[in-house]
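In what follows, a structure is listed as structure tokens, so that the remarks can point back to it.
The values are calculated or read from the model by the stated rules, or taken from the named source; none is laboratory data. Nothing here was measured: the structure is a model prediction, and the numbers come from that model. With ideal geometry, Cβ positions are generated from the backbone for all residues, glycine too; neighbour counts draw on all protein chains shown. Ligands, DNA and RNA are excluded from the accessible area calculation, which covers all protein heavy atoms including side chains. Shrake-Rupley method; radii C 1.70, N 1.55, O 1.52, S 1.80 Å.
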Amino acid sequence: MEEIRADGITKRFGEVTALKNVSLKIASGELFFLLGGSGCGKTTLLRCIAGLETPTEGRVFFGDRDVTELPTHKREAAMVFQSYALWPHMTVGQNIAFGLEERKVEKKEIKRRVEEALAMVKLEGYAKRGIDQMSGGQQQRVSLARALVVRPKCLLLDEPLSNLDAQLRLEMRAEIRRIVKENNLTGVYVTHDQAEALSMADRMAVMDAGEIVQVGPPEEIYRQPCSSYVAGFIGETNLIKGTAGEGNLVETAVASLRGTPGVESFQAVNGSPVVLSIRPEAIDIVNPAGVALTGKIIDRIYLGSIIQYTVELADGSVMQVTEQNPKIIRSPGEELVGLQVAPEDVTLLER
Ligand code: ATP
């Protein structure tokens, strides 16, 4: 395991600047996620870390080593791709052995290490099978084994689960985390799937337009987003525009609501435009008497363990509200309902 450090990385592809002076430190043994909208630069950053792309400016360090100019295999990093990138005409064992043969490892040792890698991904005894006889999930395990067999210090994963069905994705989340932790690897993982990131990451970076906008553990990114972009990107949220008043009181088109700054350092200047982020699960539907925020239920989706309501407010805007373990199923209609939310669940953000 090794610390990974990106120092002022800029990457330009002709006119396009994919990364703008990105700096990042990933601790040794950490499973770190890169997240962000399409085209924000997360794959380019991963590829710069992997050695598949050379930064236009800036350096990449693995521990104390400056690896900026080193090819992938000399970085002691291994990459796992969404497409698996396996050779279909070879056996499982041959696919896994390939990297060791290239490194001129002795035949007997190769056999031993292939078995060891197969055991790590729980595919003992599959070495002689053809790749085309393996399911999608098994193929992804083979591609993990192929990465692990070279005993890397860093494991770099580019949307490794995107081609799997929902059930397998869930299983593999836990598997990949186990593999990274058991082998003391430093893992860097790119995904579009926020649930994958929230459930697996030690820490994550949210990127926007070639820059890192926030870094932190999942619960911090979820509960204390630094901007409406981050709040909207990680999890579902209701965003309400308003104007800051005294003591974090915000005047919105529908009510005055007391909020809590997303980041401690943010102090809304009186009269400045702000936005409030309220998670659907933070809102309780209550009797409307004496409640600042009221509306009418215009839609509901019952999902067994939760129910999702769409509530229209007085100004015509809508809010999403979810209730866990719903005991009362409310119907859409003209009746007013109150929406209650604690000030600590109303995140105050810069607009
Ligand atoms: P996605 O989630 O859609 O894969 P991403 O966040 O991984 O997106 P990148 O693939 O890193 O984004 O791309 C960042 C920007 O750099 C995009 O504008 C993309 O079009 C551009 N880009 C990436 N690779 C190249 C390339 N080889 N040549 C030219 N432009 C590129």
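Can you compute 3J(HN,Hα) from phi for each residue in segment 306-316, using the Karplus curve 6.51 cos²θ - 1.76 cosθ + 1.60 with θ = phi - 60°, rounded to whole Hz and x for Gly and Pro?
After applying 6.51 cos²θ - 1.76 cosθ + 1.60, I find 9, 10, 10, 10, 10, 10, 8, 8, 4, 8, x Hz.
Apply the Karplus parameterisation 6.51 cos²θ - 1.76 cosθ + 1.60, with θ equal to phi minus 60°, to every residue of segment 324-338 and state each ³J(HN,Hα) to the nearest whole Hz, in sequence, with x for glycine and proline.
Residue by residue, segment 324-338 yields 7, 6, x, 9, 9, 9, 8, 9, x, x, 7, 4, 7, 10, x Hz.
For the chain, what does the accessible surface come to per residue with a 1.4 Å probe? Please give it in Å².
On the way: 16640 Å² over 351 residues.
That works out to 47 Å² per residue.
Taking the dipole about the Cα centre of segment 238-350, with the C-beta of Lys and Arg at +1 and of Asp and Glu at -1, give me whichever of GLY245, THR347, ILE307 is farthest to the positive side.
Value: ILE307.
To the nearest 10 degrees, how steep is helix 136-148 against the longest Cα principal axis of the chain, on a 0 to 90 scale?
60 degrees
Helix 107-120 versus the longest principal axis of the chain: what is the Cα-based angle in degrees, 0 to 90, to the nearest 10?
Value to nearest ten degrees: 20.
Dipole magnitude of segment 1-147 about its Cα centre, charges +1 at Lys/Arg Cβ and -1 at Asp/Glu Cβ only, in debye to the nearest 20?
Values: 23 positive and 19 negative charges, 66 e Å.
Result for segment 1-147 is approximately 320 debye, rounded to the nearest 20.
How far, in nm, would the chain grow between GLU102 and ALA314 when pulled straight, counting 0.36 nm per residue and subtracting the alpha carbon separation?
Details: separation 212, 0.36 × 212 = 76.32 nm, distance 6.79 nm.
Here the segment from GLU102 to ALA314 would lengthen by 69.5 nm.
Measure nothing fancy, just the Cα-based angle from helix 92-102's long axis to the longest principal axis of the chain, in degrees from 0 to 90, nearest 10.
70 degrees
Hey, rough spin-label estimate for GLU281 and ASP208, points 7 angstrom out along Cα→Cβ, what's it come to in nanometres?
Label at GLU281, label at ASP208, 2.3 nm between them.
Quick one: work out the % antiparallel among DSSP beta bridges in segment 238-350, nearest 5.
Among the beta bridges of segment 238-350, antiparallel pairing accounts for roughly 95 percent.
Just subtract the alpha-carbon distance of THR56 and GLU246 from 0.36 nm times their residue separation and send over the number in nm, one decimal.
So the chain would gain 63.7 nm between THR56 and GLU246.
Calculate the FRET efficiency for SER83 and ALA289 from the Cβ-Cβ distance with a Förster distance of 56 Å, rounded to the nearest 0.05.
Between SER83 and ALA289 the formula returns 0.45.
Return the ratio Rg/(2.2 N^0.38 Å) for segment 111-200, where Rg is computed over Cα atoms only. Kindly include the intermediate steps, with their values, before the conclusion.
Numbers: Rg = 12.8 Å, N = 90, 2.2 N^0.38 = 12.2 Å.
Relative to the rule-of-thumb radius for its length, segment 111-200 sits at 1.05.
Where the accessible area of segment 4-223 is counted over protein heavy atoms with a 1.4 Å probe, how much of it, in %, is carbon and sulfur?
Numbers: 4770 of 9820 Å².
Summing carbon and sulfur atoms, their accessible area is 49 percent of the total for segment 4-223.
How large a share of the accessible area of segment 238-350, in percent, is made up of carbon and sulfur atoms when the probe is 1.4 Å and the other protein chains stay in place?
Details: 2960 of 5990 Å².
Reported share for carbon and sulfur atoms: 49 percent.
Please give the length that would be gained between GLU69 and ALA195 if that part of the chain were fully extended, namely 0.36 nm times their separation in residues minus their C-alpha to C-alpha distance (nm, one decimal). It would help to have the intermediate numbers written out before the result.
Values: separation 126, 0.36 × 126 = 45.36 nm, distance 3.46 nm.
Value of the extension gain: 41.9 nm.
Under the definition of Cα pairs under 8 Å and six or more residues apart, what whole-number percent is the relative contact order of the chain? Provide the component values of the computation, followed by the final result.
On the way: 764 pairs, mean separation 55.6, N = 351.
Normalised by residue count, the contact order of the chain is 16 percent.
Compute the FRET efficiency between MET90 and ILE306 as 1/(1 + (r/R0)^6), taking r as their Cβ-Cβ distance and R0 = 51 Å, and round to the nearest 0.05.
Details: r = 46 Å, r/R0 = 0.90.
E(calc), rounded to 0.05, equals 0.65.
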